[in-house]
Amino acid sequence: MKVAFPVLSVLLGASVLVPAAHAADLQITFCPEQVVRPYPLDSLRGVQGLLLQNAPITLRSVEIELLKSGNVVDRRMLDTDALTAAAKSGKGARDAGMMELYGFQFCDGKLLQGHGMAAGATLAPGEALLLMQQVFAWKGTRDELRVRANAGSDGTPVSATLRVDPATSRTVFRWPLKGAPWTISGASFHGTHRWGIPEEFALDIVKAGADGRTFRNKGVRNQDFNAYGADVVAAADGTVTTALTGAKELPPLLRQPGEAMQDYYGRISAQQVKNMAAGDVGAVGESVIIDHGQSEYSVYAHLQPGSITVKPGDRVTAGQVIGRLGTSGNSTEPHLHFQVCDRPSALSCASVIPTFDRIEIFNADGPRPLQTGDVVGAME
């Protein structure tokens, strides 16, 4: 039996697997596998947020604990009802093909290891129960996360731990675009990035005008968008590992006047399924990945087709133009998607919190990590 967790913001994901019908065989796996990273909710007040992304044995309960120096500070218990709901959600995702379409969210098969999905809190041999996206917030510090799965009549728990590490990237990055101001969607919980393992700490960068809109006229053409065609630059010195080309740009997918929000989400979701089914080129579009050493790679996605100026093996310096901002791949409007990963892939990786230098967050109450809605300028 296995419990697998995809992972933290803490966003936690985990799964419980049952290879055999004995509680002693219960296993807990995580994705990412070794460390989860909290992100500040309020830097001034020291409030952190963590997202933990992602057996006949009956699980009586699962406990998720946050520790500091070996002592339990926070505990959450998921009872049989909560586990049954989680099982139904996980099985529904599997039956709908989501685990194949978004394989990167489940560590490309490593999380579940080929196990079937249980329909409830009772796991048969070879079945798994998936717990996804458990959110935590606290003030102060936590350094370890522990998951305990309680099964069987003797109540003996099986546990596994993850290191909680707030560290940001060793590489210090400049802003990947020139000029100001730029508006970002970042790692805040009310954005979309935080809920995906490879893009948990990614940025979507657009340019808003004086009217607060990102486009001129009616925004029906990509050329109407303020950021379209802007020079994208290497955010730090490094070596190009990937220059992905061959992607297409679609017209903007903005919400139309009078269109219900539910209809709009349905329309873009249908298009995004088509994009993701096309693989990397349909997901990230024309893109560049740069190796900065120390297992840190910067990703520049959705570039304008035909604009990439570098190739794999090229050495680049911070500030060097590598392409132009576009909307290729899985994109609803022209923007730069920038993220830092722990391996040379835009999808099959865990996100790293980028360390920035020489940027200004307008109207902020002091230096702090970026949040969704921030307006940012690069100090040249």
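The values are calculated or read from the model by the stated rules, or taken from the named source; none is laboratory data. As the structure is a computational prediction, the values presented were derived from the model and not from experiment. Note: ideal-geometry Cβ built from the backbone for every residue, glycine included; neighbour counts use all protein chains shown. Protein only, heavy atoms only, side chains kept; ligands, DNA and RNA dropped before computing areas. Shrake-Rupley method; radii C 1.70, N 1.55, O 1.52, S 1.80 Å.
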*asked:* Let me make sure I get this right: for segment 80-137, a, b and c are the square roots of the gyration tensor eigenvalues over alpha carbons, sorted descending. Under 1.5 in a/c it's rounded, otherwise prolate if a/b > b/c, else oblate. Which is it?
replied: oblate
_Positive end of the dipole of segment 58-152, charges at C-beta (+1 Lys, Arg; -1 Asp, Glu), about the Cα centre: which of 64, 117, 84 has its Cα farthest in that direction?_
64
*Taking only protein heavy atoms and a 1.4 Å probe, what accessible area per residue, in Å², does segment 257-356 have with all protein chains in place?*
38 Å²
*Got a number for carbon plus sulfur as a percent of segment 229-328's accessible area, 1.4 Å probe?*
51 percent
_Could you put 91, 207, 68, 248 in order of accessible surface area, largest first, with the 1.4 Å probe and the full protein assembly present?_
248, 68, 91, 207
*Lys pairs under 30 Å by Cα in the chain, provided they are eight or more residues apart or on distinct chains*: 24
*the chain: Rg/Rh from Cα coordinates, Kirkwood Rh?*
1.00
*Under a 1.4 angstrom probe, counting protein chains only, how are 218, 139, 311 ranked by accessible area, largest first?*
218, 139, 311
*Given the C-alpha centroids of segment 67-103 and segment 348-376, what is the distance between them in whole angstrom?*
29 Å
*Magnitude of the Cβ-charge dipole of the chain, K/R +1 and D/E -1, about the Cα centre, nearest 20 debye?*
260 debye
_Over segment 109-152, with the other protein chains present, what is the accessible area per residue in square angstrom, probe 1.4 angstrom?_
38 Å²
*Extension reserve of the residue 95-residue 161 stretch, reckoned as 0.36 nm per residue once the Cα distance is removed*: 20.8 nm
*Provide Rg and Dmax in Å for segment 179-292, with only Cα atoms included in the calculation.*
15.8, 47
